[in-house]
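Reviewing the structure listed below.
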Amino acid sequence: MNLQFHPVAVLYFSSCAFALAMFYISRHLPDVRGSRIWGIVMLFCAIWSAGEGFQTLVADLDLKLFIVRFSYLGVVGTAVFWSLFIVIYSNNERLLNNRVKIILSIPPVLTYLSILTLHLHPYFFKSVELVNTNGFSSLSMVYGPVFWAWTVFAYAAIFGSGVLLVQSVLRFPHHFHGQIFLLAMAGLMPLLSNFLFITGHNFLGPFSPTSPVFVISGLLVGINFRRNRFLDVMPVAHDLVFQHVNSGVIVLDNRGVVVEMNPKAEKMTGRVKQEMIGQPVQNTLVKRFGLPETFFDEMKHTNEVKEGAKVYELQQTPLVDPAGRHTGRIILLYDITALKQSEEELSAANEMLKKMAATDPLTSLSNRRDFFGLAQRELARAQRRQHCFSLILLDLDNFKTVNDTLGHPRGDMVLQETARCLKMYSRSGDILGRYGGDEFIVLAYEADLHEAMVLARRYCEIIPPRLAALGPFEVPVTLSIGVAMYDKEEKISLDTLLDRADAALYESKKGGRNRVSVWRSGDAGSTGQDHALAPALLSKLSPGPLLIAK
């Protein structure tokens, strides 16, 4: 084996050592996007540089060609994995589905198979010979079609991935641009040096500078890893959030023109990004959501809009650069349909709870507490507007007999039927309540004594027959009713008015039941003492007997 030495071998082996060191470092970096791929690139760079170095040390043609086969493993691996690293870093790996990966793996595999079998065909190297220059033996090669096909593929892969990276710059914040441009330059440097080598304009004479330049590019990336830690919190994270956040994001410039939008915004607006970019945002949002034009006049604004079954919240906020200048604005679209539905369900549940708390469960009338809350508001309104109203207090005669002889279920039926009749035959606006046990109470809205008396008699005439239809009772269930009116000339409390209605009800009970009694102040010439009016005097207010026929 003939050996020789050239100083350039030191360069190659030094590059190999640096590449191996960076491969070792990559094993100890955080396992973040791209760091492991960068380590693999450095491993292939080390193989490539080592092959170039050993090739300079031997002067035998067959041995040089054997080392070329080893060296090209590094060449092919470096080009492929460098491009893969850039694609992953720029968050474009979605372009590399399984089918694309298989297709893109064919040229490297065929290329390396062609190199391994180059002694059998002239397709990679048309001819290879050993030339002696100033006492140093080197290879002189005429490249074949497979070499040029591989060169085009490798250049396209590296340059294309670089274009994807530059495009990603437009989506990343400004403070990331320096790192990304440095990475783009690191990718272009090996292309330039390799182009000079294969076109015969090489600054290292017959030696290829590509592998050392790739190692330098890898070193630049490694420095950024350690100094800027741009793979720990890298621009791709920004892009990933923008693409996958569960809210619509529309970026506008100072003219209100759309410069970017994420997929969620496309779905919410029903417009694809290509149609929106460069268009005034009003063309879409005003028509889509019916927003007022004033929405775009304020830099900070929130609107809630409904579009079909969906409810959206739109917020806009200014974009301010480090110098404090407004460079545009961001419109955020949130789908709050589920939140609104939850609010409505919660509101309905609260209303139901309020209703349950205010309703007597057996009769579905207002319970005592709710009734008097409503009555207190009606008293305040009557005092304010100088209106009158009446309280009607009803008691079921012989109800205890029903419970004792027929049982409580039949008694409950009597109470429910009484409540149903009160709802049916009372006036709109009247307030109905269960006063307690077998007693009911009605606030007759703006009813004077005569109107309240007519209403009370209607109850006495209609309700007992309805109760009798429920089944045979030993003793008929009738109504004893007491009526009291709030006089707008008086200033009395609700408790006083209730006492008067109760006193009138007592008169009905004492007078033989199944009748209506009305409480009234004494007439002119009286001593001013309040008293319950006798049934005979009530006949002047309404014709017909007070004792309801059975």
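Within the shell defined by Cβ-Cβ distances under 10 Å, the residues around THR359 carry a net charge of +1, with Lys and Arg each +1 and Asp and Glu each -1. I'd like the antiparallel share, as a percent to the nearest 5, of DSSP beta bridges with both residues in the range 339-491. Once the DSSP bridges in the range 339-491 are tallied, antiparallel ones form about 95 percent. Relative to one another, the C-alpha centroids of the range 422-482 and the range 104-168 are positioned 105 Å apart.
Using a simple spin-label model with pseudo-atoms 7 Å out from Cα toward Cβ, LEU113 and LEU164 lie 2.5 nm apart. Computed from the C-beta positions of ILE336 and GLN274 and an R0 of 25 Å, the FRET efficiency is 0.35 to the nearest 0.05. Taking amide H as placed 1.01 Å from N in the peptide plane, the amide H of LYS126 sits under 5 Å from that of VAL142, TYR143, GLY144, each at least 5 places away or on another chain. Once you've got the Cα coordinates, tell me which of LYS273/LYS310; LYS355/LYS423; LYS310/LYS354; LYS267/LYS310; LYS264/LYS306; LYS310/LYS340 are over 19 Å apart. LYS273/LYS310; LYS310/LYS354, as the Cα separations exceed 19 Å there. Applied to the range 364-369, the Karplus parametrisation 6.51 cos²θ - 1.76 cosθ + 1.60 on θ = phi - 60° returns per-residue 3J(HN,Hα) values of 6, 8, 4, 6, 4, 5 Hz, with x for Gly and Pro. Bins of 5 Å, beginning at zero and ending with the bin holding the largest distance: percent of Cα pairs per bin for the range 460-503, please. Bins of 5 Å from zero give 5, 19, 18, 12, 10, 12, 11, 8, 4, 1 percent of pairs. Since only THR418, LEU396, GLY433 are under comparison, the one whose Cα sits farthest along the positive direction of the charge dipole of the range 350-478, derived from C-beta charges on Lys, Arg, Asp and Glu, is GLY433.
Taking a straight line from the alpha carbon of LYS509, these aspartates and glutamates sit under 12 Å away, with near neighbours fewer than eight places off in the same chain left out: ASP395, ASP397. Whole-Hz Karplus values for the range 418-430 come out as 4, 4, 4, 5, 4, 5, 6, 10, 7, 8, 5, x, 5 Hz, taken residue by residue from phi with 6.51 cos²θ - 1.76 cosθ + 1.60 and θ = phi - 60°; glycine and proline positions read x. With viscosity 0.890 mPa s and temperature 25 °C, the Kirkwood radius over alpha carbon pairs of the range 420-487 converts through Stokes-Einstein to a diffusion coefficient of 189 µm²/s. Computing FRET efficiency as 1/(1 + (r/R0)^6) for PHE136 and LEU96, where r is the C-beta to C-beta distance and R0 is 60 Å, gives about 0.90.
Rule-based calculations on the coordinates, nothing more; no lab input. In this text, all values refer to a predicted model and were calculated from it rather than measured experimentally. Note: ideal-geometry Cβ built from the backbone for every residue, glycine included; neighbour counts use all protein chains shown.
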